[in-house]
1. With r as the distance between the Cβ atoms of residue 215 and residue 248 and R0 = 25 Å, compute the FRET efficiency 1/(1 + (r/R0)^6) and round to 0.05.
2. Find out how many positive minus negative residues lie around residue 100, taking Lys and Arg as positive, Asp and Glu as negative, among other residues whose Cβ is under 11 Å from that of residue 100.
3. Would you compute, from DSSP H runs of 4+ residues alone, the mean residue ellipticity of the chain at 222 nm, taking -39500 (n - 2.57) per run and dividing by the full residue count, rounded to the nearest 500?
4. Which net charge results when you count Lys and Arg as +1 and Asp and Glu as -1 among the other residues whose beta-carbon is under 14 Å from that of residue 136?
5. Take residue 317 and residue 235, extend 7 Å from each Cα along the Cα→Cβ direction, and tell me the distance between the two endpoints in nm.
6. Enter the mean projected area of the convex hull around the alpha-carbon atoms of segment 67-154, in nm², rounded to one decimal.
7. If I model segment 186-321 as equal point scatterers sitting on the Cα atoms and use the Debye formula, what is log10 I(q)/I(0) at q = 0.18, 0.19 Å⁻¹?
8. Report the Cα centroid-to-centroid distance between segment 28-93 and segment 181-202 in angstrom, as an integer.
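No value in this document is a laboratory result; all are computed from the given coordinates. Keep in mind that this is a model prediction, so the values were computed, not measured. No Cβ is skipped: glycine too gets one built from the backbone with ideal geometry, and neighbour counts run over all protein chains shown.
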Amino acid sequence: MSTEKKKPVSVITGGAGFLGSHLTDHLLREGHKVIAIDNLITGNLDNIAHVRENPDFSFIEHDVTKYIEVPGNIDFIYHFASPASPIDYLELPIQTLKVGALGTHNALGLARAKKARLLLASTSEIYGDPLVHPQPESYWGNVNPIGPRGVYDEAKRFAEAITMAYNRYHGVDTRIVRIFNTYGPRMRPHDGRVVPAFITQALKGEPMTVFGDGKQTRSFCYVSDLINGIYRLSQSDEVNPVNIGNPREMSVLEFAEKIRELCKSTSQIIFKPLPVDDPKIRQPNIARAREILSWEPRMDLEDGLGTTIDYFKSLIDKGML
Ligand code: UDP
């Protein structure tokens with residue numbers, strides 16, 4: 001019999017997405033076997049092409065709003081499946097609600113059956129258009145349930161509620177991360193989010209579209225910092241939600257100017273209407289992550305944006321953009 005230690009088995013729903021694919025890389029590096037599940041409505045096989053031949057990796061094309069069947073032992077489930085950009089969830093409102101509700105229910109059912117630990121990818125959208133700044137985990141939020149963003153916000157709020165219910169009533173081992181704006185390579189060029197939008201516009205010399213007056217704020221975390229925090233949370237004992245994000249806050253207009261400068265672009269900045277219920281301010285309070293996970297974001301905005309700009313440049317060079 002082999003004396004080799006058995007590798008932990010991790011399932012990642014949304015494994016072909018931006019975050020899911022980076023988490024896949026991280027877990028493979030940590031010596032896990034990874035099973036990625038994705039229905040590819042917003043995920044992309046290109047994101048996981050480099051690991052398809054890895055014997056520790058497998059891929060299942062499946063919609064997790066339907067019963068999830070995975071043979072064998074599972075130690076961890078990372079539930080990341082969901083449309084996640086405002087444009088995506090405006091175009092896919094029912095799928096967004098279903099994956100947050102039915103998909104989370106199925107993922108929890110799988111965790112219960114396999115006695116696996118489940119980590120839910122939640123979001124700063126839980127806080128809606130916040131009336132408390134920066135946002136600590138204790139803040140209950142200010143969400144419009146019937147607005148266009150409600151499909152995502154309420155699905156994630158339901159997902160948190162059912163995760164805690166499975167923890168309390170079925171004893172399922174759970175973790176909840178509240179993810180703030182994250183950026184990096186493998187973001188979808190046309191997902192409408194501010195980072196891919198501004199970078200592709202700046203690189204192509206097209207007008208950069210600032211929504212509203214650009215005074216609304218966001219705080220951007222580089223993907224490797226986020227994944228590191230999520231991994232630490234998955235290894236910790238913390239059942240309550242934990243914010244992971246970078247507290248460096250700036251206005252969207254400042255952000256546009258920063259990207260234009262880093263891209264050495266001469267694009268014009270133009271103003272477009274502000275989307276309905278667009279949060280006016282957002283900044284994570286990360287005291288809990290600092291204390292419990294000894295976690296801190298490390299990547300400078302300029303360096304992280306530099307790497308991300310290089311990624312989009314390479315897509316342009318390959319004629320993919
Ligand atoms: N935004 C913008 N121009 C764009 C895309 C987004 O000014 O082309 C703004 C958007 O209105 C919001 C911020 O940038 O205030 C971040 O938007 P994103 O879609 O990236 O994510 P959100 O933080 O709103 O979920």
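1. The value I calculate is 0.90.
2. Spelling it out: positives minus negatives among the neighbours equals -1.
3. Using -39500 (n - 2.57) per qualifying helix, the result is -11000 deg cm²/dmol.
4. It works out to a net charge of +2.
5. Output for this residue pair reads 3.5 nm.
6. Computing the convex hull of the Cα atoms and averaging its projections yields 6.5 nm².
7. The Debye formula, applied to the Cα set alone, gives -1.04, -1.12.
8. 21
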